[in-house]
Amino acid sequence: MTYLDMLLFAVLPYAAFLVFFVMTIHRYRAETFTYSSLSSQFLENREHFWGVVPLHYGIITVIAGHLIAFLFPGEILLWNSKPLRLAILEVTALISGLLALLGLLGSLGRRLKGPKLRRVTSINDSVLYALLVFQVASGIYIALFHRWGSSWFAATAAPYLWSLLQFRPDISFLGGLPTIVKLHIVNAYLLIGFFPFTRLVHILVVPNPYLWRKPQVVRWSYGARSRT
Amino acid sequence: MEVRSQISMVFHLDKCIGCHTCSIACKNIWTDRKGTEYMWWTNVETKPGTGFPTCWEDQEKFQGGWKAENGKLELRSTSKRKAVTNMFHHPNMPTMDDYYEPWTYKYEDLFNAPEGTDQPTARPISMVSGEYINIEAGPNWDDDLGGSPVYAENDPNLAGLTPEQRAQLSAVERLVFFYFPRICNHCLNPACVAACPSGALHKRGEDGIVLVDQKRCRGWRACIAACPYKKVYYNWFTGKSEKCILCFPRIESGQAPACFHSCVGRIRYLGVLLYDADRLEEIAKKPTDELVEAHRSLILDPSDPQVISAARSCGIHDSVIEVAQESPIYKFVVDWKIALPPHIEYRTLPMLFYVPPLSPVMANQEGDTINHVSSDLFHDIDDSRVPMRFLANLFGAGHERHVRYALRKQKAVRWYRRALTVGDVSMETAERMLHEAGCSVEEAEAIYQLTSLCTFDDRFVIPPAHREEAIAMLEDPLEHKQAVGFGFISNPRRGA
């Protein structure tokens, strides 16, 4: 265990989450206007479909998988105890990862191609693309060349993450992991720390109440006076 | 009865000269910013024509508005169910190609070009990418192109016209078109509001103006797909939707909206209508052939004592009720029934009404003389060069009776005035026409007054906003005394 390991796995995560919480809340309060999906479908419609749709479905499945393994590591290990079930889980995760990568590269190519789209691509977008591509590609690499990651995650990453959450960071869990897995983890922290400065904030404002609300919205500017 | 007040509008199409002054007034005030260059909150279209964005009326393509099926009212492509399945990509979303790519010219080249044998030119450059572009479309691209096989012929309202009627619309030297100015209809059952996942779009309770809360909008763009009139626009730079705000800062201070104020033909009228909000859904679900009457029946008589007391109990200020009694819109829409809603079949219950235009007539020709008078005094209404069917597709959900009624009444008023002032028509004939058109002499005079001799104050009867009172009741006026000097007003900044 080196000081670098300490820095990357015991200090960086706290720094990343601190930045994440402070800056998303600050941005929401101080610059509410900047919270937007910043869609570019208006400028280009066809390739939009082939980039954005696989990207979103892929990445949502993968993130949900990570979250489930973090919350229920025991159940994941139990599920994986039968080889067929392990294979099903791994193949689903791999397909989702590939979808995400394909979508990511598709949207990236789409943005590089048109002069109109380059106009609405910021430096932060470019950094974000680099981080995301690395994150998804390293995940796929792990799935292909260091198989059975779902069991690994449940057995090593989950207890490590729980130790972080309990403010008793124990990085000994990560001791024997291959470098690419460590890079995958570090990059995840970078993404979390960078999150508030990117268009990713649209994830935080997904409007679920819409599904339960009445169709018409009326606002009374002058308050209660007008209501009976 | 839930009484609400709604600022409503009438556009008198017979008076529109297609000068686009309204568009320019609006552009200069509201949409000269980056990302809004392509927007025209108010625009003037040539009919027959494809409009802006191109073919916006083609709901097979854009899937906007509501549909009523099996007694249920549902948004056509932006219902809650479809909001989930189309979450990341809405297939019917218009793109910039459906509008046009805004451009400017490289004017500095006119001054900086080195001396040579050619005249320097200012080439067009895109206001999006900043690169040289070939202009392929622009605002009013089909302006005055009635009869054009590229534009006019693709007008969705030509559906159901016979080949003869189509030919008649574009016959050389007899070609005919009229203007169709459009702003947001500030609908009673707005599809854009119902579709907005963020709850950013809303109707103001006090006056019914439909607005986008810029801080709540997240750029999901459901409103763009949902509005069948395509009057919500996406700001490609800020990532927010924007639309006509009916110049509410002007209305609140008693001024007419800029497009109304600047209208050269004085075609625009604005006033308050009271309506029953409890019946909205019931009305919006009615069968197509009942929609025009049903929509009209929503509007309450502001002089009816029962309505007045109900309005008071719903918190509507007496001064607003008084203004509603003076409303020019109520006269056009309810009293005279000569103003009709555009495309009521989209079921958004628009609150901008149009007086359909009396187009040039197809006179019956006998030898060398063209005879305008026949035993059937209204013969030329049905023989107008703009076929009744076309106007009915626009203003009657495909049913001709409403349009015919409005045109007959207008014609009768004209002949009555002609009998009075020119005298080449007998008053007996004129009165017979008024009678057949269902119009009394007093009503004819009133229509004449409000269409021809109307002053500024006749056309715009604006309710007082009573902001002072409302704010006083809302909070202590001295609350911020000695605490806050001035607030921060920051420019809207695009997110990273």
Within the range A:202-223, residues farther than 14 Å from residue B:193 by Cα and either surrounded by fewer than 12 Cβ atoms within 10 Å (Cβ to Cβ) or more than 7 Å from chain B (Cβ to nearest Cβ) (or both) come out as A:203, A:204, A:206, A:208, A:209, A:212
For residue B:433, the lone unmet condition from (1) crowded, with 16+ Cβ neighbours inside 10 Å; (2) at pLDDT below 90 is (2)
Scanning the range B:285-318 for residues that are within 14 Å of chain A (Cβ to nearest Cβ) and polar (S, T, N, Q), which turns out nearest to residue B:450 (Cα to Cα)?
B:309
Could you tell me which residue of the range B:43-71 is farthest from residue B:175 (Cα to Cα), considering only residues that are among the hydrophobic types (A, V, I, L, M, F, W, C) and within 19 Å of the chain's Cα centre (by Cα)?
B:66
Among what's in the range B:319-344 and is among the acidic types (Asp, Glu) and under 20 Å from residue B:456 (Cβ atoms), pick the residue that is nearest to the chain's Cα centre (by Cα).
B:326
Quick one: would you say residue B:245 is β-branched (Val, Ile, Thr), surrounded by fewer than 24 Cβ atoms within 10 Å (Cβ to Cβ) and touching a residue at least 12 places away in the same chain (Cβ under 8 Å)?
yes
Residues satisfying the stated conditions in the range A:21-52, i.e. more than 18 Å from residue B:35 (Cα to Cα), among the acidic types (Asp, Glu) and facing chain B (nearest Cβ under 9 Å)
A:31
Within the set of pairs 6+ apart or on separate chains, which have a first residue in the range B:483-496 that is facing another protein chain (nearest Cβ under 9 Å) and farther than 29 Å from residue B:236 by Cβ, a second that is at pLDDT 65 or above and surrounded by 10 or more Cβ atoms within 10 Å (Cβ to Cβ), and C-beta atoms under 9 Å apart?
none
Among the residues of the range B:273-280, is any at pLDDT 95 or above, out of contact with any Gly (no Cβ under 8 Å at 6 or more places or on another chain), surrounded by 18 or more Cβ atoms within 10 Å (Cβ to Cβ) and closer than 30 Å to residue B:98 by Cα?
no
Which one of A:117, A:132, A:177, A:112 is more than 14 Å from the chain's Cα centre (by Cα), surrounded by 14 or more Cβ atoms within 10 Å (Cβ to Cβ), within 25 Å of residue A:46 (Cβ to Cβ) and of a type in the set (A, V, I, L, M, F, W, C)?
A:117
Does residue A:95 satisfy the condition of being within 17 Å of the chain's Cα centre (by Cα) and of a type in the set (A, V, I, L, M, F, W, C)?
yes
Scan the range B:8-30 residue by residue and report those that are in a helix (DSSP H, G or I), of a type in the set (S, T, N, Q) and buried (at least 21 other Cβ atoms within 10 Å of the Cβ).
B:23
Mind counting the residues in the range B:339-360 that are buried (at least 24 other Cβ atoms within 10 Å of the Cβ) and among the polar types (S, T, N, Q)?
1
Quick check on residue A:150: is it surrounded by 19 or more Cβ atoms within 10 Å (Cβ to Cβ) and away from chain B (no Cβ under 14 Å)?
yes
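From the list B:39, B:1, exactly one residue is touching a residue at least 60 places away in the same chain (Cβ under 8 Å), buried (at least 21 other Cβ atoms within 10 Å of the Cβ), assigned to a loop (DSSP other than H, G, I, E, B) and among the hydrophobic types (A, V, I, L, M, F, W, C). Which is it?
Step by step, each of B:39, B:1 is checked, and only B:39 is touching a residue at least 60 places away in the same chain (Cβ under 8 Å), buried (at least 21 other Cβ atoms within 10 Å of the Cβ), assigned to a loop (DSSP other than H, G, I, E, B) and among the hydrophobic types (A, V, I, L, M, F, W, C).
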More than 23 Å from residue A:46 (Cα to Cα), facing chain A (nearest Cβ under 10 Å) and at pLDDT below 95, is that true of residue B:72?
no
Scan the range A:53-98 for residues that are more than 14 Å from every other protein chain (Cβ to nearest Cβ), under 30 Å from residue A:166 (Cα atoms), among the β-branched types (Val, Ile, Thr) and free of Cβ contacts under 8 Å to residues at least 40 places away in the same chain and jot them down.
A:63, A:68
Among the residues of the range B:212-240, write down those that are under 22 Å from residue B:188 (Cα atoms), small (Gly, Ala, Ser) and within 10 Å of another protein chain (Cβ to nearest Cβ).
B:222
Residues of the range B:170-193 classified as over 23 Å from residue B:55 (Cβ atoms) and either touching a strand residue (DSSP E or B) at 6+ places or on another chain (Cβ under 6 Å) or away from chain A (no Cβ under 13 Å) (or both), total
6
Would you be able to say whether some residue in the range A:178-192 is within 14 Å of chain B (Cβ to nearest Cβ) and not aliphatic (A, V, I, L, M)?
no
Looking at the structure I just gave you, is residue B:80 within 30 Å of residue B:219 (Cβ to Cβ) and out of contact with any Cys (no Cβ under 6 Å at 6 or more places or on another chain)?
yes
Out of A:2, A:24, A:34, report the one residue that is more than 30 Å from residue A:114 (Cβ to Cβ), surrounded by 13 or more Cβ atoms within 10 Å (Cβ to Cβ) and among the hydroxyl-bearing types (Ser, Thr, Tyr).
A:24
Consider residue B:450 carefully, then state whether it is out of contact with any Leu (no Cβ under 9 Å at 6 or more places or on another chain) and at pLDDT 95 or above.
yes
Out of the residues in the range A:1-60 that are among the aliphatic types (A, V, I, L, M) and not in a helix (DSSP H, G or I), which is farthest from residue A:189 (Cα to Cα)?
A:43
Tally up the residues in the range B:84-131 that are more than 32 Å from the chain's Cα centre (by Cα) and at the interface with chain A (Cβ under 10 Å from one of its Cβ atoms), please.
2
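The values are calculated or read from the model by the stated rules, or taken from the named source; none is laboratory data. Everything numeric in this text was worked out from a predicted model, so none of it was measured. Using ideal geometry, Cβ is built from the backbone for each residue, glycine included, and neighbour counts are taken over all protein chains shown.
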